[in-house]
Amino acid sequence: MMLNFLDALRAAGIPASIKEHLLLLEALDRDVIGQSPEDFYYLARATYVKDEGLLDRFDQVFARVFRGVLGTGGVEAEIPEEWLRLVAEKFLSPEDMEKIKSLGSWDEIMETLKKRLEEQKGRHQGGNKWIGTGGTSPFGHGGYNPEGVRIGGESRHKRAIKVWEKREFANLDSTKELGTRNIKVALRRLRRFAREGAADELDLDATIRGTARQGWLDIRMRPERHNAVKLLLFLDVGGSMDPFITLCEELFSAATSEFKNMEFFYFHNCLYEGVWKDNRRRFSERTPTWDILHKYGHDYKVIFVGDAAMSPYEISHPGGSVEHMNEEAGAAWLSRVLHTYPAAVWLNPAQEAHWGYSQSTKIIREIMNGRMYPLTIEGIDEAMRELTRKR
């Protein structure tokens, strides 16, 4: 198994040598660690991993190679009881806490687990006491219990109060790139470079040509080259968009970096007669949508960002808004924007497979003439192609 572990590390791109492998075996032979899975994990990680960017990859290999081995055979399992209490206080309602207390205190649950680890002699499946798969025991995986300790396996009922083999700090893998960086790359399709403004950048080629022609140093300057595309970004906030805050923040950060001529506004669910720039003052400091249509030229590109999840009446009927009495339907305002700015798309952070189950999403997609794309790297790439298409 140890040789399989070494091979798996190498296959995952971790530079593990025979020298390091022998060093680990020597450390085990000299009993430099206690007889627990955690001690062996940290010893192996310290021996093989020299780059923090490989920590997550090591965790994946370790869990795959030693799955189900280190937790059996009389090996002592140490469970941090204080950690379990903190998790309960943070995530469980008072009613849930009372139910757990009625079944036994945390100390009793942990003490029971330790005793059964000592008493159990082999694999067990089903039943309501021993540690194993299926059944109704609070210890193991694949079964059901109001509060349990899942040891390996896959979650089914999402009720475990502790999960072994849970990987942390997954973003340390050096093969992963920041989401904002990938979004920037996709947004770069929407580019039209131009040199405008003050001549504050050295034109090296023109300076060389002028100097050679004149016979003396002839310095030439030029305006800075930048993306001349103009963009209006409308962002849906609140309600069903809360789970997508991080993704939208990454998109907003990337767009702010890529487009110097960009204006952004917030709306909720559907576009109406007013939008805003500060969510803390969304009722007191609004910008009339009519002003936007008259202020920004037809050459602006428009991107809507939202999950399009709402009551269909919020789109189709006056007074359908959940926040105010809108005199005109949201569909009317969306149509006005599309008439004023022909180059417009809608980016939807919800999974594309779920769009067909939402009536409001179907309506928005129809209003956008099918120009709704998922908020993924591929979706952004397709949306940018649409915005650059000649009309």
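Only residues that are open to solvent by less than 40 Å² (accessible area, probe 1.4 Å) and outside any loop (DSSP other than H, G, I, E, B) were counted across the range 42-54, and they come to 6. Looking across the range 1-56, the residues that are under 29 Å from the mean Cα position of the chain (by Cα), of a type in the set (D, E, K, R) and at pLDDT 85 or above come down to R10, R45.
Check L347 against each of (1) in contact (Cβ under 8 Å) with a residue 24 or more places away in the chain; (2) assigned to a helix (DSSP H, G or I) and name the one condition it does not meet. Exception for L347: condition (2). Residues in the range 1-17 that are open to solvent by less than 40 Å² (accessible area, probe 1.4 Å), assigned to a loop (DSSP other than H, G, I, E, B) and among the small types (G, A, S): A12, A16.
Scanning the range 280-310 for residues that are aromatic (F, W, Y) and touching a residue at least 60 places away in the same chain (Cβ under 8 Å) gives Y296, Y300, F304. Is there any pair with a first residue in the range 311-339 that is more than 17 Å from S360 (Cα to Cα) and touching a residue at least 60 places away in the same chain (Cβ under 8 Å) and a second that is open to solvent by less than 60 Å² (accessible area, probe 1.4 Å) and part of a loop (DSSP other than H, G, I, E, B) whose Cβ atoms are under 7 Å apart and which are 6 or more apart or on different chains, and what are they? Listed by first residue and then by second, the contacts come to V337/L271. Among the residues of the range 283-308, those that are open to solvent by 10 Å² or more (accessible area, probe 1.4 Å) and assigned to a helix (DSSP H, G or I) comprise W290, D291, L293, H294, K295. Being among the aromatic types (F, W, Y) and touching a strand residue (DSSP E or B) at 6+ places or on another chain (Cβ under 8 Å) is the filter here; which residues of the range 284-318 pass it? Passing the criteria: Y296, Y300, F304.
Being modelled with pLDDT of 70 or more, surrounded by 12 or more Cβ atoms within 10 Å (Cβ to Cβ) and among the β-branched types (V, I, T) is not true of T180. Scanning the range 262-277 for residues that are acidic (D, E) and outside any strand (DSSP E or B) yields a total of 1.
Considering only the range 18-33, I want to know if a residue exists there that is assigned to a helix (DSSP H, G or I), touching a residue at least 40 places away in the same chain (Cβ under 8 Å) and small (G, A, S). No.
Filtered by the rule that a residue be touching a Gly at 6+ places or on another chain (Cβ under 8 Å) and more than 14 Å from F234 (Cα to Cα), the range 289-308 gives no residues. Restricting attention to the range 201-247 and to residues that are without any contact (Cβ under 8 Å) to a residue 12 or more places away in the chain and among the acidic types (D, E), the residue that is farthest from M262 (Cα to Cα) turns out to be D218. Counting residues in the range 335-344 that are aromatic (F, W, Y) and in a loop (DSSP other than H, G, I, E, B) gives one or more.
Considering E328, E366, the condition of being outside any loop (DSSP other than H, G, I, E, B) and open to solvent by 60 Å² or more (accessible area, probe 1.4 Å) is satisfied by E366 alone. Quick one: R280 ticks every box in (1) modelled with pLDDT under 95; (2) assigned to a loop (DSSP other than H, G, I, E, B); (3) under 25 Å from I245 (Cβ atoms) bar one, so which box is it? Exception for R280: condition (2).
Checked across the range 269-280, the condition of being within 22 Å of the chain's Cα centre (by Cα) and open to solvent by less than 50 Å² (accessible area, probe 1.4 Å) holds for at least one residue.
The values are calculated or read from the model by the stated rules, or taken from the named source; none is laboratory data. If you're wondering where the values come from, they're calculated on a predicted model, not measured in any experiment. With ideal geometry, Cβ positions are generated from the backbone for all residues, glycine too; neighbour counts draw on all protein chains shown. Accessible surface areas use protein heavy atoms only, side chains included; no ligands, DNA or RNA. Shrake-Rupley method; radii C 1.70, N 1.55, O 1.52, S 1.80 Å.
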